[in-house]
1. Out of all the residues in the range 157-177, is one or more under 24 Å from Ile66 (Cα atoms) and of a type in the set (D, E, K, R)?
2. Any idea which of Leu93, Leu147 is crowded, with 19+ Cβ neighbours inside 10 Å, free of Cβ contacts under 8 Å to residues at least 60 places away in the same chain and out of contact with any Ser or Thr (no Cβ under 8 Å at 6 or more places or on another chain)?
3. Give the residue, chosen from Glu134, Glu113, that is at pLDDT 95 or above, among the charged types (D, E, K, R), under 30 Å from Ala163 (Cα atoms) and part of a strand (DSSP E or B).
4. Could you check the range 21-55 and list, in sequence order, the residues that are touching a helix residue (DSSP H, G or I) at 6+ places or on another chain (Cβ under 7 Å), farther than 22 Å from Lys121 by Cβ and not small (Gly, Ala, Ser)?
5. So which pairs qualify, if the first residue must be in the range 37-51 and touching a residue at least 60 places away in the same chain (Cβ under 8 Å) and crowded, with 20+ Cβ neighbours inside 10 Å, the second must be of a type in the set (S, T, N, Q) and in a loop (DSSP other than H, G, I, E, B), the Cβ gap must be under 8 Å, and the two must be at least 6 apart or on different chains?
6. Please determine, by comparing only the residues of the range 98-132 that are in contact with a strand residue (DSSP E or B) (Cβ under 9 Å, 6 or more places away or on another chain) and free of Cβ contacts under 8 Å to residues at least 60 places away in the same chain, which one is surrounded by the most Cβ atoms within 10 Å (Cβ to Cβ).
Amino acid sequence: MSDDQWKDLYAHHSDLYERLVTHEDLQGNLLAALQTICPLDGAIVVEFGAGTGRVTTQLLPFVRQILACDLTPSMLAVAQRKLCQSPFTNWSLLRADSRAMPLPTACADVALEGWAFLQIKVWHPDNWAAALDEMLRLVRVGGTAVLIETLGTGQTEPNPPLAFVPFYDYLEQERGFTRHWIRTDYHFASRAEAQEIVVPFFGEAMLDALVPTANGVTLPECTGLWWRRV
């Protein structure tokens, strides 16, 4: 999918995006990894690029408060609908640019982003790092900044596209982030369902990576988590 297609997807097809991400992380590994990296119980969290709330909803049972931020109104609309259906009230939404967050310094125990900063880097190569600076600004001393990004769709071991590697190297070698990786495989009830959802995002070739299971098919996905204590 081209950059323009991704922009159109975020702006006009957020429900389709939500349909994809609800099939991800068959194993439930993401939440477990986050709980290992940083304390979530009672934490105040600011989420950058929250999208449709795919990470937000997982954190609600544990955190004291989470402010989920995104710049795209249609994404926030889906998140609003989903969060209102949950039994939790410890959340709020804010339309904000990750590169200039309208929040006070040291206001959060945890600042995190999921599958957002790499996209910002592609769209705004000259000043994308302002988003990273903002994340570190918002975390109080002793808190944690966490980035979640792909390490390869259709891959069973980390093998990200070569174009992504400089971004990850920058985080680790120049900004002092530590990396951990997990599997967050997609699961679909049938190959037909997988084809309907996967192809618009990843193309026909990705169907070759599907793995049959007893109750459907899975698409392997490797996900990296980069974190840094402040």
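The values are calculated or read from the model by the stated rules, or taken from the named source; none is laboratory data. Every value quoted in this text rests on a predicted model; they were computed, and no experiment measured them. FYI the Cβ positions are ideal-geometry reconstructions off the backbone, even for glycines, and counts take in every protein chain you see.
1. Initial filter on the range 157-177 (under 24 Å from Ile66 (Cα atoms)): 177.
With of a type in the set (D, E, K, R) added as a condition, the list becomes none.
Checked against the condition, which is being under 24 Å from Ile66 (Cα atoms) and of a type in the set (D, E, K, R), the range 157-177 yields no hits at all.
2. Working: Leu147 fails: free of Cβ contacts under 8 Å to residues at least 60 places away in the same chain.
After ruling out the rest, the residue left standing is Leu93.
3. Glu113 is the lone residue from the list that is at pLDDT 95 or above, among the charged types (D, E, K, R), under 30 Å from Ala163 (Cα atoms) and part of a strand (DSSP E or B).
4. Residues satisfying the conditions are His23, Leu31, Leu40, Val45.
5. Phe48/Ser98; Gly49/Ser98; Gly51/Thr72
6. Only one residue tops the list, namely Leu132.
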